[in-house]
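Read through the structure below, which is laid out as structure tokens, and then see the notes.
Taken together, the values in this text are just the output of simple stated rules run on the coordinates, not laboratory data. These numbers were taken from a predicted model, which means no experiment stands behind them. When we count neighbours, we look across all protein chains shown, and the Cβ atoms used for this are built from the backbone with ideal geometry, even at glycine.
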Amino acid sequence: MRGLELTEYEKGQYRDRIGLYLHIPFCVRKCLYCDFLSGPAGAEARQRYVDALLLEIREKAGRMKRRRTVDTVYIGGGTPSLLTEGQAAEILETLRGCFAIQKDAEVSMECNPGTVTERWLREMRRLGVNRLSIGVQSFDAKELRTLGRIHSPEEAVCAVELARAAGFDNLNLDLMSGIPGQTMESWKYSLGMAVRLKPEHISAYSLIVEEGTPFYRMYGEGAAQDSSLPGIPDEETERAMVHFTGRFLAAHGLRQYEISNYARTGRECLHNIGYWKRHPYLGFGAGAASLLDDERFTNIRDVDRYCRAPGREYSEGPERLTREDRMEEFMFLGLRMTEGISEELFAQTFGVSVQSVYGAVIAAHEREGLLVRESGRIRLTERGMDLSNYVMADFLF
Ligand code: SF4
């Protein structure tokens with residue numbers, strides 16, 4: 001597996017590469033906080049969806065204007081571990097038949113600890129999946145129940161052990177802070193349990209109470225106060241959890257490289273880095289987004305409509321990005337990474353200096369201690385990361 005070479009990456013060495021994302025919108029049961037495009041579906045509906053996905057892969061590959069090498073594949077959801085071995089094999093074989101997938105491509109798959117078996121994991125490894133992302137969220141049984149997750153902490157530990165036994169040497173664990181009832185102690189416990197399992201990567205997200213979810217009715221704006229419900233940690237505690245995470249994971253060899261992502265050196269998620277660096281990608285499946293030749297489009301988010309005309313109807317776009325759109329994205333996506341953005345690359349990409357476009361915004365945030373400019377790069381400070389939404393908003397025209 002290649003290591004991460006940001007400079008090479010940024011110099012456009014990967015210009016003729018593309019990432020592929022496949023969305024699998026099925027779950028055993030909907031978690032109470034989840035607003036992803038996902039939900040329960042029977043075996044027949046799942047097969048219908050897989051058939052549609054295969055059709056979309058073939059059609060989109062046929063419509064590509066020029067051949068590009070695929071350096072990353074990411075199968076997310078939903079719960080891709082609900083795919084049968086046969087369905088996963090068909091999907092991966094179709095991808096290989098339609099696209100030039102690099103030999104050492106990063107091939108990631110998400111899984112739910114409540115749904116994996118050693119046999120299934122071995123089969124995924126045999127099919128070429130070389131990075132597994134396990135949705136752990138918490139090692140506290142009560143917190144998992146609060147979230148409506150289908151698995152126990154023991155099953156999460158077991159999933160990691162099974163994945164190792166199946167030959168996975170690149171594992172991500174997803175963890176969540178800000179869970180109702182979570183305390184600094186229970187968060188430290190979850191982090192401690194996670195590092196004991198020696199993952200190569202940890203994604204630590206803060207819970208966001210999204211509209212339309214059961215959590216929104218329980219905790220969202222205007223929700224009736226119910227003293228029987230565990231409370232969401234206040235903002236100060238949540239920030240303290242995030243700061244502790246950075247220090248704790250760094251002490252265990254997992255360096256923060258993006259607002260919510262930590263990895264051992266060389267084990268950063270190349271697929272996600274592709275998003276932050278505006279590397280082109282094609283998305284397949286309901287609700288999957290694509291960025292190709294400076295055009296953005298998102299497949300229809302309705303699973304039934306998607307199955308009737310896979311990849312032909314859009315929820316958003318196709319939208320041709322203007323130069324201003326691209327500059328905005330360059331800044332607010334690039335600043336998510338701890339390395340920040342390269343001033344030289346901005347100038348090479350747009351033919352003008354970043355200072356001539358964003359000088360006043362950068363200077364204002366430098367004065368506030370939210371941005372730092374050094375060695376030809378601009379990056380967020382720790383406080384800037386805390387207030388990233390506020391900082392990023394200023395880069396919009
Ligand atoms: S398993 Fe993941 S995608 Fe499925 S409902 Fe839960 S949070 Fe959402």
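Which lysines does Lys198 reach when only Cα atoms under 19 Å apart count, and residues fewer than 8 places away in its own chain are ignored?
Candidates past the 8-residue exclusion: Lys188.
Would you mind ranking Asp35, Asp140 by Cβ crowding within 10 Å, fewest neighbours first?
Asp35, Asp140
With a cut-off of 19 Å, note down the residues of segment 273-308 whose backbone N falls inside the zone around a label point 7 Å from the Cα of Glu44 toward its beta carbon.
303-308
Hey, what's the per residue convex hull volume over the C-alpha atoms of segment 75-168, in cubic angstrom?
85 Å³
Can you give the net charge of the other residues whose Cβ lies under 12 Å from the Cβ of Ala165, counting K and R as +1 and D and E as -1?
Summing Lys and Arg as +1 and Asp and Glu as -1 gives +1.
Would you mind getting me the FRET efficiency between Tyr314 and Lys188? Use the beta-carbon distance for r and R0 = 35 Å, nearest 0.05.
The formula returns an efficiency of 0.20 here.
Would you mind ranking Trp120, Trp187, Trp276 by Cβ crowding within 10 Å, fewest neighbours first?
Exposure proxy ranking, most exposed first: Trp120, Trp276, Trp187.
Any idea what log10 I(q)/I(0) is at q = 0.12, 0.19, 0.20 Å⁻¹ for segment 20-118, Debye with uniform C-alpha scatterers and no solvent?
Results for segment 20-118 at q = 0.12, 0.19, 0.20 Å⁻¹ read -0.41, -0.97, -1.05.
Quick check of the Kirkwood formula: for segment 280-330, what is the inverse mean of 1/r over all pairs of different Cα atoms, in Å?
11.2 Å
Within a Cβ distance under 13 Å of Glu210, other residues only, what is the Lys/Arg minus Asp/Glu net charge?
Local charge sum for Glu210: -1.
When a/c is below 1.5 the answer is rounded, else prolate if a/b is larger than b/c, else oblate, so apply that to the chain with a ≥ b ≥ c taken from the square roots of the Cα gyration tensor eigenvalues.
It is rounded, given that a/c, with a ≥ b ≥ c, falls under 1.5.
Compute the distance in nm between two label points, each set 7 Å from the Cα along the Cα-to-Cβ direction, one at Arg373 and one at Glu93.
Roughly 5.7 nm, to one decimal.
Kindly put Ser353, Ser228 in sequence by how many other C-beta atoms sit within 10 Å of each C-beta, fewest to most.
Ser228, Ser353
Taking the Cβ of Leu144 as the centre, find all other residues whose Cβ is under 12 Å away and add up their charges (Lys, Arg: +1; Asp, Glu: -1).
Local net charge: -1.
How long, wide and thick is segment 75-234, going by the Cα atoms along their three principal axes, in whole angstroms, largest first?
Per principal axis, max minus min of the Cα coordinates gives 55, 34, 23 Å.
Taking every pair of alpha-carbon atoms in segment 323-397, what share in percent sits in each 10 Å bin, from 0 to the bin with the longest distance?
Using 10 Å bins, I get a P(r) of 21, 62, 17, 0 for segment 323-397.
Quick check on segment 191-337: take the gyration tensor over C-alpha atoms, sort the square-rooted eigenvalues as a ≥ b ≥ c, and tell me if it's rounded (a/c under 1.5), prolate or oblate.
Taking the square roots of the gyration eigenvalues as a ≥ b ≥ c, segment 191-337 is oblate.
Per DSSP H run of n ≥ 4, the term is -39500 (n - 2.57); total these for the chain, divide by its residue number, and report the mean residue ellipticity at 222 nm rounded to 500 deg cm²/dmol.
Calculated mean residue ellipticity at 222 nm is -12000 deg cm²/dmol.
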